[in-house]
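Accompanying notes for the structure given below.
Every number here is computed from the coordinates shown, using simple stated rules; none is lab data. Keep in mind that what you see is a predicted model, and the values were worked out from it rather than measured. So basically every Cβ, Gly included, is an ideal-geometry build from the backbone, and we count neighbours across all protein chains shown.
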Amino acid sequence: MVDFCGQTVRGDGMVVSSHADSRKYYFVSVGTDCRLTMRSATVKDKVQFQFRFFLVYSLLRIPPSVETSSPPGSVSDPCNAGSYVQFYDGKDLHSEPLGTPLCGKTIPRPVLSTGNYLTLRLVTRGQQPRVDFVGDFTSFRIGKPEPYFSCHNGKCIPSSLVCDERDIDNCGDGSDQSASPPANCQRDGGRGKCSAPNA
Ligand SMILES: [Ca+2]
């Protein structure tokens, strides 16, 4: 993500890592403020983001008491002046924030946009930030448009995300990676292959 700051990516779905050496080394650059905007595959779709791995904090935080004056409105800082990520329900940071700033070591719940764009922002604060996360975004819609795959939970996702080789649960209920119908993923031998849902 930090290699693509300020960019907008568009597609059926994609894996997003905090940095290139994710899962090997923490991302520790101080003073980072990076946003990545995800755009759904078509205008009828929305964007879901699900973290699969999540570590966002700072070892040494600047204690809130040191601040001479708190900005108005910042009554509570859930991340205690440490590093955080924040979602926005639109194409940039001027959009409505989605939920609270996220930090810590617990994988947050999935985030869903109301429109075609979802923006993810990473901010490192304090000293010795420790950031490492991996997530994936999925373009989806509710209802059953023809070329889309129907998840058990009522979402519909682009068929390119069904039985994908990285075994990403784009539906959120596992049905797009299931060996049973309608996905019928075959895990033995080479590429995961899907047969069409039963008529
Ligand atoms: Ca999948």
Quiz prompt | Within a Gaussian network of the chain (alpha carbon springs, distance under 10 Å), most fluctuating of Asp167, Asp89, Asp77 | solution = Asp77
Exercise. Could you run the Karplus curve 6.51 cos²θ - 1.76 cosθ + 1.60 with θ = phi - 60° over region 128-133 and give me ³J(HN,Hα) per residue in whole Hz, x for Gly and Pro?
Key: 6, x, 10, 10, 7, 9
Quiz item: Under a straight-distance cross-link criterion of Cα-Cα below 19 Å, which aspartates and glutamates are reachable from Lys24, leaving out those fewer than 8 residues away in the same chain?
Solution: Asp3, Asp132, Asp136
Quiz item: Using a simple charge model, +1 on the beta-carbon of Lys and Arg, -1 on the beta-carbon of Asp and Glu, nothing else, what dipole does region 1-141 show about its Cα centre, in debye to the nearest 20?
Solution: 300
